[in-house]
1. Looking at this structure, is Ala193 touching a helix residue (DSSP H, G or I) at 6+ places or on another chain (Cβ under 7 Å) and either in contact (Cβ under 8 Å) with a residue 12 or more places away in the chain or of a type in the set (Lys, Arg) (or both)?
2. Ala106: in a strand (DSSP E or B), among the small types (Gly, Ala, Ser) and touching a residue at least 12 places away in the same chain (Cβ under 8 Å), yes or no?
3. Could you tell me which of the residues Arg126, Arg119, Arg175 is open to solvent by 30 Å² or more (accessible area, probe 1.4 Å), more than 18 Å from Ala72 (Cα to Cα), outside any strand (DSSP E or B) and out of contact with any Leu (no Cβ under 8 Å at 6 or more places or on another chain)?
4. Scan region 142-160 residue by residue and report those that are crowded, with 17+ Cβ neighbours inside 10 Å and closer than 17 Å to Leu129 by Cβ.
5. Given the condition open to solvent by 10 Å² or more (accessible area, probe 1.4 Å), at pLDDT 90 or above and not in a strand (DSSP E or B), answer yes or no: does some residue in region 68-88 qualify?
6. Part of a strand (DSSP E or B) and among the acidic types (Asp, Glu), is that true of Glu218?
7. If the Cβ limit is 7 Å and pairs must be 6+ apart or interchain, which residue in region 283-306 that is more than 20 Å from Ile74 (Cβ to Cβ) pairs with which residue that is open to solvent by 10 Å² or more (accessible area, probe 1.4 Å) and among the β-branched types (Val, Ile, Thr)?
8. Name every residue in region 187-199 that is closer than 22 Å to Leu26 by Cβ and open to solvent by less than 40 Å² (accessible area, probe 1.4 Å), in order of residue number.
Amino acid sequence: MKAHRICFAIAAVLWVIMPAHSSAQLRKASDYFPLQIGNIWEYKPNPDFYPDRRVEIVGDTIISDTVRVYRASIRYLDDPAAGFGYNYYHFNRDSTVVYLDYDLPAKPYCGLPMIDTRRGVDSVWRYPLGDVMGYFAITDTGSASFFTHFRHWAEVHNVDPFQDSLVIQPGYEWRFVTDIGPVRDGINNLLYAKVNDVEYGTSLRVKQKNVSSKIPREPSLRIHPNPIRDQAVIEIETFYLQQVEISIFNLLGQSVRLLHGGSLPGGRHFLTWNGYDNNGKNLSKGVYFLVLRSQRTVKTLKILHL
């Protein structure tokens, strides 16, 4: 664990917040999240237990003859070999919505709408999360000094639309800045970006180290069966005594079940998961992520709960 690293602070940002729901009009979603091959965003999480993260647009493809889908690689900078996988983004016809998917979409305008600027602040959109619906809205907007320029920003939260007034749900947040992209993604805060060949901030890239064969190997992670119907067996193999956390996350990046938190000696270890969350409630059908975090690496497996 990075016990000696100080708490995160964004030195490059001086937020001079305008009043909530500023008179400044919302831009297009494409202005808040510019997508182009070669664009890079590097994030430092808070708390700093989690590894630094790098998102890079590495390719694009055309679906339905007209819609360009951008493929983004997700890498953890503390362990470049441990890849989270890929995200896929695309705009709607008038670039007022950015869609996120975890697989290449088969048709346009599907996936989670990360930001939707068609209807303004506090206007709710919904997205199916398994058997339930998630509700989202731009809850605030304004301007701030960011990377030496005054820029417009918009903040998106998971919300409860069934109250008298819009209520923000905890655990989910995106903050977008024009010409930059997401400067906050859940617990992750932007420290460096390269957008349309313009660099902002200081890169977090880890220099390649000469890895000695004497350095212990990191834990392995397997799950079977997958998809899961009733119960799955999770196999972890460790090569020395170390602290390990094993959790189930939903599509919003929220931890819904902690399976293990603490030390594991070297050897093979087995856990079971029956599809229930931390409160003993059966989780809805859908895609989840099995995440193993150790002091040196993060490993993630995509699982389908049926």
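The values are calculated or read from the model by the stated rules, or taken from the named source; none is laboratory data. Treat the numbers as computed from the prediction; the structure is a model and nothing was measured. Cβ coordinates were reconstructed from backbone atoms using ideal geometry, including for glycine residues, and neighbour counts include every protein chain displayed. In case anyone asks, the SASA skips ligands and DNA or RNA and just uses the protein heavy atoms, side chains included. Shrake-Rupley method; radii C 1.70, N 1.55, O 1.52, S 1.80 Å.
1. Numbers: touching a helix residue (DSSP H, G or I) at 6+ places or on another chain (Cβ under 7 Å): no; either in contact (Cβ under 8 Å) with a residue 12 or more places away in the chain or of a type in the set (Lys, Arg) (or both): yes.
Judged against the criteria, Ala193 is not a match.
2. Against the criterion (in a strand (DSSP E or B), among the small types (Gly, Ala, Ser) and touching a residue at least 12 places away in the same chain (Cβ under 8 Å)), Ala106 does not qualify.
3. Working: Arg126 fails: outside any strand (DSSP E or B); Arg175 fails: outside any strand (DSSP E or B).
Answer to the selection: Arg119.
4. Correct list: Val156, His157, Asn158, Val159.
5. No, the conditions are met nowhere in region 68-88.
6. Values: part of a strand (DSSP E or B): no; among the acidic types (Asp, Glu): yes.
No: the conditions fail for Glu218.
7. Leu283/Val256; Ser284/Val132
8. As a first pass, look at region 187-199 and keep what is closer than 22 Å to Leu26 by Cβ: 190, 193, 195-196.
If the condition is that a residue be closer than 22 Å to Leu26 by Cβ and open to solvent by less than 40 Å² (accessible area, probe 1.4 Å), then Leu190, Ala193, Val195 are the ones that fit.
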